[in-house]
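K.L.:
Would you mind keeping the following structure in view while I ask a few things?
The values are calculated or read from the model by the stated rules, or taken from the named source; none is laboratory data. As the structure is a computational prediction, the values presented were derived from the model and not from experiment. Backbone-built Cβ (ideal geometry, glycine too); neighbour counts: all protein chains shown.
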Amino acid sequence: MLKTKRIGFYLGLIMLLCSQSVSFAQEQTTPFPNTMSLAPGMTSPAASIADVAWISGYWQGEIWGGDIEEIWSQPLAGSMMASFKFAADQEVKFYEIITLFEHQGSLVLRLKHFSAELNGWEEKDDYMEFKLVKLDQHSAYFEGYTYRLVSPEELHVFVVIEDEGEKTETQFVFKRRQKN
């Protein structure tokens with residue numbers, strides 16, 4: 001009888017453990033090939049700002065018939081910051097300020113858009129936020145936003161952009177440039 005109670009206890013314990021949801025990073029692909037999202041109820045993987053120091057630098061490229069640049073600082077105090085500019089026809093169309101920082105043992109990317117006149121697109125205290133989904137040696141996957149270092153001189157950024165209810169994955173190709 002004692003043996004039966006012990007077996008019952010262990011079976012009950014196993015059933016209890018199996019029924020519990022485990023909260024660790026579990027990536028889930030989006031309908032797009034280069035971006036990911038966190039599965040419902042899952043948390044971001046452990047990471048530090050040093051893990052993404054490879055993003056730092058002065059990057060330039062072309063898209064939408066214009067020129068783009070993104071300038072990333074070196075890690076400092078658990079964070080990095082960047083500015084992004086899109087210009088076409090010799091005129092700035094918009095800017096972005098981006099922060100990448102350590103939060104609760106992982107990383108979060110925040111972004112805010114501005115017009116050429118520095119009027120915020122988002123409300124005063126609002127911003128877009130992207131939690132880390134997956135990190136490897138040369139790629140950082142945030143929810144709908146991926147940085148991939150293709151070579152020391154080339155950075156690809158994939159962003160899921162929603163326009164009038166339709167989502168598309170846009171690729172930005174940057175080449176490393178030296179500041180003058």
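K.L.:
Restricting attention to segment 79-100, which residues are more than 16 Å from VAL133 (Cβ to Cβ) and either hydrophobic (A, V, I, L, M, F, W, C) or in contact (Cβ under 8 Å) with a residue 40 or more places away in the chain (or both)?
P.N.:
Within segment 79-100, MET80, MET81, ALA82, PHE84, PHE86, ALA87, ALA88, VAL92, PHE94, ILE97, ILE98 meet the criteria.
K.L.:
Also, I was wondering about something else. Take the residues in segment 140-178 that are within 23 Å of PHE101 (Cα to Cα) and basic (Lys, Arg), then tell me which one is farthest from the chain's Cα centre (by Cα).
P.N.:
ARG176
K.L.:
Another question, if that's okay. All but one of (1) surrounded by fewer than 15 Cβ atoms within 10 Å (Cβ to Cβ); (2) under 18 Å from LEU155 (Cα atoms); (3) at pLDDT below 95 hold for THR35; which doesn't?
P.N.:
(1)
K.L.:
For segment 161-169, check the following and say yes or no: at least one residue is hydrophobic (A, V, I, L, M, F, W, C), more than 20 Å from TRP54 (Cβ to Cβ) and modelled with pLDDT under 95.
P.N.:
Checked against the condition, which is being hydrophobic (A, V, I, L, M, F, W, C), more than 20 Å from TRP54 (Cβ to Cβ) and modelled with pLDDT under 95, segment 161-169 yields at least one hit.
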